[in-house]
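What follows is a single structure, written as structure tokens, with notes after it.
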Amino acid sequence: MVQGFARSFQRSHKILANKRGNPRLLQISFHTFRHWKAAMEYAKTKDILYVMKLLGHKNVKNKLVYTQLINSKEDEWICKVAKTVEEAKQLIEAGFEYVDTIDGIHLYRKRK
């Protein structure tokens, strides 16, 4: 079953890479998603022990790479504003998070 899923994943992202004309998509693997999830969880919680438990790791040395990755990009954000509910909805669907409201304008941000 796992091999069938892996084969299906490979086939799907090969098709996507060809459709998009982006061969870099072929470099994406399950490990890429795992690494991304760990880095995002650390950025959100700043709790390395939580990330270790999430990944099922016992050695903190293996997780220090996530703290270095996040700390090097900590201040790099894409910022957007929303004046309407529809604009806010679109930003949230695009992965932006609400930050504050100033003079009736809602501020959102997303990591670069």
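The values are calculated or read from the model by the stated rules, or taken from the named source; none is laboratory data. Being a predicted model, the structure only gives us computed values, none of them experimental. In this analysis, Cβ positions are derived from the backbone assuming ideal geometry, glycine residues included, and neighbour counts consider all displayed protein chains.
For the range 71-94, the candidate set comprises residues that are surrounded by 11 or more Cβ atoms within 10 Å (Cβ to Cβ) and in a loop (DSSP other than H, G, I, E, B); within that set, the residue that is modelled with the highest pLDDT is ALA94.
Kindly check whether there is at least one residue in the range 29-48 that is at pLDDT below 80, more than 16 Å from the chain's Cα centre (by Cα) and either in a helix (DSSP H, G or I) or surrounded by 10 or more Cβ atoms within 10 Å (Cβ to Cβ) (or both). Scanning the range 29-48, I find at least one residue that is at pLDDT below 80, more than 16 Å from the chain's Cα centre (by Cα) and either in a helix (DSSP H, G or I) or surrounded by 10 or more Cβ atoms within 10 Å (Cβ to Cβ) (or both), so the answer is yes. When the range 92-112 is filtered for residues that are hydrophobic (A, V, I, L, M, F, W, C) and more than 27 Å from LYS37 (Cβ to Cβ), the ones remaining, listed by number, are ILE102, ILE105. If the condition is being in a helix (DSSP H, G or I) and either modelled with pLDDT under 80 or under 24 Å from GLY95 (Cβ atoms) (or both), then the range 50-63 contributes TYR50, VAL51, LEU54, LEU55, VAL60, LYS61, ASN62, LYS63.
Residue count for the range 14-28 under the criterion of being under 28 Å from TRP77 (Cβ atoms), modelled with pLDDT of 80 or more and part of a helix (DSSP H, G or I): the result is 4.
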